[in-house]
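The values are calculated or read from the model by the stated rules, or taken from the named source; none is laboratory data. All figures in this text were calculated on a predicted structure; none of them were measured in a lab. With ideal geometry, Cβ positions are generated from the backbone for all residues, glycine too; neighbour counts draw on all protein chains shown. Protein only, heavy atoms only, side chains kept; ligands, DNA and RNA dropped before computing areas. Shrake-Rupley method; radii C 1.70, N 1.55, O 1.52, S 1.80 Å.
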Amino acid sequence: MIEINNFKKSRLFDIKKFKIDKGIYKLSGANGSGKTTLLEYISGFRKDNALVTDIASKQTLFLGETGIGTEDLTILENIQLAYWSFGIKLSDSILFKINKCYTEQQLNTLYKRASFGMQIMVGLSLLFSENQWQLIILDETLSGVDKENTAFFFECLQQLKKETTIIIVSHSEISDIDYQEIYIENGELYYAKNK
């Protein structure tokens with residue numbers, strides 16, 4: 001759970017009280033409205049006492065609009081490195097899901113030669129580790145991923161939503177997943193209708 005109480009930062013935020021429980025949320029707002037900055041506070045990457053969470057930083061997955069790979073490693077080696085850095089074992093079920101997203105040739109492609117979507121999916125593959133994340137933030141992460149793989153990642157998020165707070169930022173319409181929309185406007189947050 002995330003609670004925000006009297007969170008004021010210069011002209012960017014003036015949030016009196018707001019609560020986000022487990023589930024899937026889409027954070028919407030105009031460019032420059034503070035979406036990414038707010039998510040940095042929520043995730044703990046920026047600190048403020050007005051934000052209270054029961055989320056451990058090691059159990060937060062924050063993915064942005066760029067990949068998280070090392071250029072001279074293959075896609076598979078980058079996935080292995082990502083899992084190792086979080087102390088997560090690459091189980092057979094995780095490898096099965098990874099093989100649904102990538103061909104063998106793609107997995108053996110150097111990161112620097114891979115498509116943007118293939119690079120982004122390195123971080124997204126961390127969604128396959130069940131019971132690992134208390135908070136997942138996808139900040140424009142899916143913009144470079146093809147429709148088929150996006151649907152597959154949404155399927156994974158649907159399975160995680162009972163135990164995890166998931167916040168997605170996208171300027172595109174999201175139709176393949178049930179979520180509640182949160183708007184940020186003039187420094188304030190409010191819930192929109194359910195999707």
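What to note about this one:
- Greater than 29 Å apart at Cα, pairs in 16/47; 112/161; 9/162; 19/89: 112/161; 9/162; 19/89
- Computed over the chain: relative contact order in percent, which uses C-alpha pairs under 8 Å that are six or more apart: 33
- Debye equation applied to the C-alpha atoms of region 26-126, log10 I(q)/I(0) at 0.10, 0.11, 0.14, 0.19 Å⁻¹: -0.36, -0.43, -0.66, -0.98
- Rounded FRET efficiency, nearest 0.05, which uses the C-beta distance separating residue 159 from residue 95 and R0 of 25 Å: 0.90
- Helix 147-160 axis versus longest C-alpha principal axis of the chain: approximately 60°, rounded to the nearest ten.
- Region 106-195: C-alpha gyration tensor shape, a/c 1.5 cut-off, then a/b vs b/c: prolate
- Debye, to nearest 20: dipole size of region 123-195, +1 on Lys, Arg Cβ, -1 on Asp, Glu Cβ: 180
- Expected-Rg normalisation [2.2 N^0.38 Å, Cα atoms] applied to region 87-148: 1.15
- Here the sum of -39500 (n - 2.57) over DSSP H runs of 4 or more residues, divided by the residues of the chain, equals -8500 deg cm²/dmol at 222 nm, to the nearest 500.
- Each Lys and Arg Cβ is given +1 and each Asp and Glu Cβ -1; about its Cα centre, the chain then shows a dipole of about 560 debye.
- Heavy atoms of the protein chains alone define the surface here; on that basis the chain has 53 Å² accessible area per residue at 1.4 Å probe size.
- In the chain, a dipole from Cβ-located charges (positive for Lys and Arg, negative for Asp and Glu) runs towards its positive end, and of 105, 39, 88 it is 39 whose Cα lies farthest in that direction.
- All Cα pairs of region 115-156, percent lying beyond 17 Å: 24
- For peptides 60-72, 92-104, sequence by mean Cβ density within 10 Å, most packed first: 60-72, 92-104
- FRET E, pair residue 1, residue 106, Förster distance 35 Å, beta-carbon r, rounded to 0.05: 0.40
- Relative to its residue count, the chain spans a Cα convex hull of 116 Å³ per residue.
- Within the chain, percent of DSSP bridges classed antiparallel, to nearest 5: 45
- Solvent-accessible area, 1.4 Å probe, carbon plus sulfur percent, for region 22-176: 47
- Relative protection proxy for 130-140, 109-119, from highest mean packing down: 130-140, 109-119 (other beta-carbon atoms within 10 angstrom).
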